[in-house]
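Novice: Encoded as structure tokens, here's the structure I'll be asking about.
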Amino acid sequence: MEVKVRLLKEEDYHGLREAMVAAYEGFGSVWRKDSIHKLLNKFPDGQFCVVVDGKVAACALSIIVEYKLYGDNHSYEEITGNYTFDTHDDDGDVLYGIEVFVDPEFRGLRLARRLYDARKELCEKLNLKEIKVGGRLPNYHKYSNDITPKAYIEGVRKKEIFDPVLNFQLSNDFHVVKVLKNYLPGDAASEEYACLLEWNNIYYTRRKKSFSESIIRLGLVQWQMRPFIDVDQFMEQVEYFVDVLSGYHSDFALFPEFFNAPLLAAYNHLDTPEALRALAGHTDEILNRISELAISHNINIITGTLPVVEDDKLYNVAYLLHRNGQRDEYKKIHITPYEVKYHGFSGGETIKVINSDCGKIGMLICYDVEFPELARLLALDGMRILFVPFHTDTQNAYMRVRNCSMARAIENECYVAIAGSVGNLPGVNNMDIQFAQAAVFTPSDFAFPTNAIKAEATPNTEMTLVVDVDLNLLRELHHYGSVQTIKDRRTDLYEVRRLKN
């Protein structure tokens, strides 16, 4: 028998579901696939499973919370954000266990203890104050006519009463904090009581966060379209802007959509789709050279967009080239009617938050930001800054991107940075004029500018925009804002969810 504790993966869902159905036979529903997907996106390091001979045999799920926001009198729905896990906070102080179960086939192997050991190691590694769990009292219904929950717990502590959950928690160095009433609706065996338990991390040291840790500096490039003889000349201009923004210690540099369009001039003899495919032949070289700039200048660079051919399909792709050499990509999902007709682009199918050294960010490309569902999904996965490289030819096209970006910042409690190209490019087919005004938008509340615009560039002028944003203001808004658009969603009436992961 091979027993292994490891992090849970997306592909484990089928096995997880089977194990949970067996563990909770007759109790009710099981975790949906999209819920597990959310957890893995928000906090992948907090989800553990035990695999026995290749089969998922046990599982432990958890989130991090800023515990003072909830206190000791909370319900399961409150601590999980009504099962949305929006309560998870990477900067919180307590690891909260939201699920542990073992397939009955593997009980007796002490698998839950292995999972709890993994949780304790994680708590120590992340320097969290403690682990808290709301433990069910599954045998309380047998005694409820005669004794109170408090007396029941005392009976378990004295080993006069057996309770499979509480006995296990106490044997793992957890101690009782208080009795929770109406903790888990529908838990008839516990008569909806639970026991709030905690395990203290003796290695915890209070974190003193400096003010600068929450301040992220964004550098936006309002790029002037101009002819380039070759890739070398194009890269000289890219390096110039990277050097300028890194000189101001920017954490990110954002370039516009299609910012390498001047290189299409060499392919004017081709139809636009063929010309873009020819331009895609330079993408690997450009990526490698910009990645070197990101590392050497210590700045995360969002490459605007570059054309890429995969499986004979043409995609419009934005890359985040991390300053540590890592790469992430996002394929534009929504293709405009013009781009379908004249460019031949295909739409991507992946919506994902990207973990950067400045927290969780998202990327949407131009037309994508006009579809609110995408930004909402990213926000639900913890995104705090949304980057939108765009290319617009006319002012009304720009206003669509701008106004939708402002709405995304307000409704998703995040910052939105947009950057586009300016000037004329008469020597390139279908890329002859551009209109842009780079900007950074904020939520609309007292801690932010009254017009919800942090900063904006001069329209249609080549320049950079350097802007500081404070992530702590977003956290305060989420919990104490005049309106709380993420928390106040009526998830009992509607939901936005992925159909593909």
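Novice: When only Cα pairs under 8 Å and 6 or more residues apart are kept, what is the percent relative contact order across the range 288-366? Before the final figure, lay out the partial values.
Specialist: On the way: 132 pairs, mean separation 18.8, N = 79.
Dividing the mean separation by the residue count of the range 288-366 yields 24 percent.
Novice: Among Ile335, Ile202, which comes first, second and so on when ranked by fewest other beta-carbon atoms within 10 Å? Mind dumping the intermediate values first?
Specialist: On the way: Ile335 21, Ile202 7.
Placing the least packed residue first, the sequence is Ile202, Ile335.
Novice: Which entries of Lys132/Lys159; Lys38/Lys150; Lys129/Lys500; Lys33/Lys142; Lys158/Lys181; Lys125/Lys360 show an alpha-carbon separation above 25 angstrom in the structure shown? Spell out each step's value before the answer.
Specialist: Values: Lys132/Lys159 23 Å; Lys38/Lys150 36 Å; Lys129/Lys500 36 Å; Lys33/Lys142 34 Å; Lys158/Lys181 22 Å; Lys125/Lys360 20 Å.
The answer is Lys38/Lys150; Lys129/Lys500; Lys33/Lys142.
Novice: So if each residue of separation counts as 0.36 nm, and I subtract the Cα-Cα distance between Arg157 and Thr336, what length gain in nm does that give? Intermediate values should be presented prior to the final figure.
Specialist: Working: separation 179, 0.36 × 179 = 64.44 nm, distance 6.53 nm.
Taking Arg157 through Thr336 to full extension adds about 57.9 nm, to one decimal.
Novice: Roughly how many debye, to the nearest 20, is the charge dipole of the chain about its Cα centre, given +1 on each Lys and Arg Cβ, -1 on each Asp and Glu Cβ, and no other charges? Before the final figure, lay out the partial values.
Specialist: On the way: 56 positive and 72 negative charges, 286 e Å.
I would put it at about 1380 debye.
Novice: Now a separate question. Mind checking the dipole of the range 3-200: about its Cα centre, +1 per Lys or Arg Cβ, -1 per Asp or Glu Cβ, Debye to the nearest 20? Write out the running numbers ahead of the final one.
Specialist: On the way: 27 positive and 33 negative charges, 107 e Å.
For the range 3-200, the charge dipole is close to 520 debye.
Novice: Here is a follow-up. Can you list the equivalent-ellipsoid semi-axes of the range 121-231, largest first and in whole Å, using the square root of 5 times each Cα gyration tensor eigenvalue?
Specialist: Working: eigenvalues 535, 73, 30 Å².
Here the semi-axes work out to 52, 19, 12 Å.
Novice: Can you figure out the FRET efficiency of Ser296 with Asn200, using R₀ = 56 Å and their beta-carbon distance, to the nearest 0.05? Working shown, then result.
Specialist: Values: r = 45 Å, r/R0 = 0.80.
The value I calculate is 0.80.
Novice: Rounded to the nearest 5, what % of the DSSP beta bridges within the chain are antiparallel ones?
Specialist: Details: 61 of 83 bridges.
Bridges in the chain that DSSP calls antiparallel: roughly 75 percent.
Novice: Separate question: Ranked from highest to lowest mean number of other Cβ atoms within 10 Å per residue, what is the order of the peptides 267-275, 97-105?
Specialist: Numbers: 267-275: 14.8, 97-105: 19.1.
With the highest mean Cβ count within 10 Å placed first, the list reads 97-105, 267-275.
Novice: In addition: Restricting to Cα pairs below 8 Å that are 6+ residues apart, what does the relative contact order work out to for the range 213-480? Please round to a whole percent. List each step's numbers first, then the result.
Specialist: Working: 613 pairs, mean separation 59.7, N = 268.
Dividing the mean separation by the residue count of the range 213-480 yields 22 percent.
Novice: Considering amide H positions built from the backbone, and no H for Pro or chain starts, which residues 5 or more places from Lys360, or on another chain, come under 5 Å of its amide H?
Specialist: Those qualifying (amide H under 5 Å, at least 5 residues apart or on another chain) are Arg384.
Novice: Below 8 Å, C-alpha to C-alpha, sequence gap of six or more: please give me the relative contact order for the chain in percent.
Specialist: Details: 1017 pairs, mean separation 57.7, N = 501.
Over the chain, the number comes to 12 percent.
Novice: Using a 10 Å cut-off around each Cβ, can you sort Phe441, Phe435 from fewest to most neighbouring Cβ atoms?
Specialist: Fewest-to-most Cβ neighbours within 10 Å comes out as Phe435, Phe441.
Novice: Okay, next question. At 0.36 nm per residue, and after removing the present C-alpha to C-alpha distance, how many nm does the segment from Asp230 to Asn182 gain when stretched out fully? It would help to have the intermediate numbers written out before the result.
Specialist: On the way: separation 48, 0.36 × 48 = 17.28 nm, distance 6.84 nm.
Separation in residues times 0.36 nm, less the Cα-Cα distance, equals 10.4 nm.
Novice: Now for a different question. Any idea how far apart Asn288 and Asp357 come out in nm if each label point goes 7 Å out from Cα toward Cβ?
Specialist: The modelled label-to-label distance comes out at 2.4 nm.
Novice: By how many nm would the segment from Met463 to Val3 lengthen if fully extended, with 0.36 nm per residue of separation less the alpha-carbon distance?
Specialist: Numbers: separation 460, 0.36 × 460 = 165.60 nm, distance 5.85 nm.
Gain on stretching Met463 to Val3: 159.8 nm.
Read the figures in this text as sums done on the coordinates, not as results from a lab. Values in this document were obtained by computation on a predicted structure and should not be read as measured data. Counting neighbours? That spans all protein chains shown, and the Cβs are built from the backbone with ideal geometry, glycine included.
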